[in-house]
Amino acid sequence: MRLRRDIFVCCFTSTSSDTMQKEKHSKLKWRIFPYKELRKATNNFDRFHFIGKRGGKTGLITQYHGKLEDGREITIQRFNGDQRYLLQQFINETIILNYLPHKNIVSIYGCASHHEESLLVTEYLSNGNLAAHLHSEKDEKITLPWLKRLDIAFDIANALNHLHNYGIIHRNVKSSNIFLDANFCAKVGNLLLSQKLPDGVPVHATHVTGDRAGSSGYMDPEYLTKGQLSVKNDVYSFGVVLCELLSSTLAKDWFLNEEDNIATVLSKKMENQALVELLDRRLGFDSNLKIKQVMTATAELAFMCMKCPQELRPNTEQVLEILNGIKPGRIETGSYSTKDISALKIFHNAELEEATNNFDNFLGKGGYGSVYYGKLKDGREVAVKCFHEENETEETIKQFMKETDILGLLHHQNLVSLYGRTSRNCDKPMLVYEYISNGTLTKHLHESSHGKLPWHTRLNIAIETAAALVFLHDSAIIHRDVKGSNILLDENFTVKVADFGFSRSLPDHATHVSTIPVGTRAYIDPDYYESGRVSDKSDVYSFGVVLFELISSIRPSSLEGTDDDTLAQYAKRKILNNQLNEVVDPSFRFGSDKNIMEMITAVAELAFQCVQCPKEFRPSMKQLLQTLQGIREGTWGFNQIT
């Protein structure tokens, strides 16, 4: 027995330094089973315990089912033939599974050896593998309904994402390596061909190798032809498995001729709007609209996973996001989009620590986090929002995901761009935005270090802010925190509306949603504050306060505790008393420049309407945008404000 343990070490150390391998081997937790115990568990490996063979046509690995004395059911893999190669792969699997236990990865219990064979002992999954289920269903009754298949897809993606976070590429993702427990939860197994990216190679980088491994029909063409090893190889194979789940047809049965593979067949069918020809009708595609929507969305995801080049594919973290989005009940709410989610990069903590010089350049602090300046390796300047560690509650994570969902799905020239985020499973949730160099509107209006903004610049800021809010409202999103410090300005004073942590989506055909009032007191809609009913007219009120702020250069919060209490009340009282000149910033020479006087008066009238109560008296953001554009172009008349 001692001799065989020495062989385990010898084979593993053949490609690495002795010191490193001794350290790794000393950390192995798996039990070394006595051979006689495994023989007893399988009744001397009799044919009634035989499960099958692996290892291609040669069948070098035989598998048996057994039961240990402690009651655990096990699968035993017996390695024969080319012992040195297989044993080295065996040690590889042992090492990987030793450090990466996961609920969706088959657990390994230990190993054993006997004369010229080696044995690997893993947990036994009573429902067999996915391939066997799909094959048996081809001409029989469906045992795996669609929603169960969707859960299986999620389990597989979850396991792969776990491996990929550690730089481990499975390299042999296929339905026969996906095992199902008694509850049909999926577990990825058989990591014999898995490979870790070399030290120093980033997790999501591509490494060119001459060593190719995998199964025909599942292998990434770029890995097969060019040796491009990356986590995206597994993503391609996962796309193939999705096709198998959709069609109930195994990859080996998809080939129509030598030139066809699953990716090209799926692409052609989708292009010709003939997707139904590939889907298993028994899954409810024809008779259930919701199932049809979900299966169609899953087919789109499969198509994305098998795109070439590799850079066009989502990573497994993004795959999980998409699968979450296409669950029944979420598609119709508009929360799903494969194209937009796939563009969002998942950053790793170390990458952002390097970009921000270990978070050394502080930009500001908000209700949910602090923001730091950084520069990525590709040269892009970024603002990294770190959510407060002391408040890492469920609510904080909800805000983190809300900003991700909104900015991941919505793109507009006057909305700040979200480049990516950290994984939802990481210890420190962070969002990575484009860096807007000219600061906030609040700083330009109220800090002495900034020069006075001319009127025409302020009018353009109002118009571009309105354009951003119109876009949000058309997308059924209420910002809920429109204020000067959330209006960013680039070097050309172009507006970028930011901070969507308080935003809410408005359900179809709804005029408002009831929620606990949030926002900044000086800008918040009184109707919303008192009733808890927020609508797009709540943003209109806040925008009206911003208009008064642009006109007056008065900080809204500075009036709290006075008779007027808010800038809106103060400006309304002055306008009603024909004292608008007392509201306007003196630098505009309100009484001496007739053109500016008319424009400011018109904007003040517009702001007055924005802050009316009840909210039904307020114009829509679309009306506001059109009127502001008319004021700038000189085509507006006083009687046109409605």
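Listing for the model above:
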| item | result |
| --- | --- |
| Residues 564, 46 arranged by fewest to most Cβ contacts within 10 Å | 46, 564 |
| Sites residue 216 and residue 50 - FRET efficiency at Förster radius 35 Å, r taken between beta-carbons, to 0.05 | 0.85 |
| Three-way shape call for region 551-642 based on the alpha-carbon gyration tensor, with the a/c threshold at 1.5 | oblate |
| Relative contact order (percent, whole number), region 563-642, Cα cutoff 8 Å, 6+ residue spacing | 21 percent |
| Whole-angstrom gap from region 459-499 to region 590-622, using each part's C-alpha centre | 18 Å |
| Cα gyration tensor shape of region 441-640, rounded if a/c is under 1.5, else prolate or oblate by comparing a/b with b/c | rounded |
| When each of 226/345; 443/483; 365/428 is checked by Cα-Cα distance, pairs over 20 Å | 226/345 |
| Gyration tensor verdict on region 188-309 (Cα atoms; rounded if a/c is under 1.5, prolate if a/b is larger than b/c, oblate otherwise) | prolate |
| Using a Förster distance of 30 Å, the FRET efficiency for residue 635-residue 492 (Cβ separation, nearest 0.05) | 0.75 |
| Highest to lowest packing among 436-444, 240-248, scored as the average C-beta count within 10 Å | 240-248, 436-444 |
| Relative contact order (percent, whole number), region 441-640, Cα cutoff 8 Å, 6+ residue spacing | 22 percent |
| Cα-derived Rg over Rh, computed across region 130-343 with Rh taken as Kirkwood radius | 0.94 |
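Where a number appears in this text, it was derived from the coordinates with a stated rule and is not lab data. On a predicted model such as this, the values are computed, not experimentally measured, just so you know. All Cβ positions, glycine included, derive from the backbone under ideal geometry; neighbour counts span all protein chains shown.
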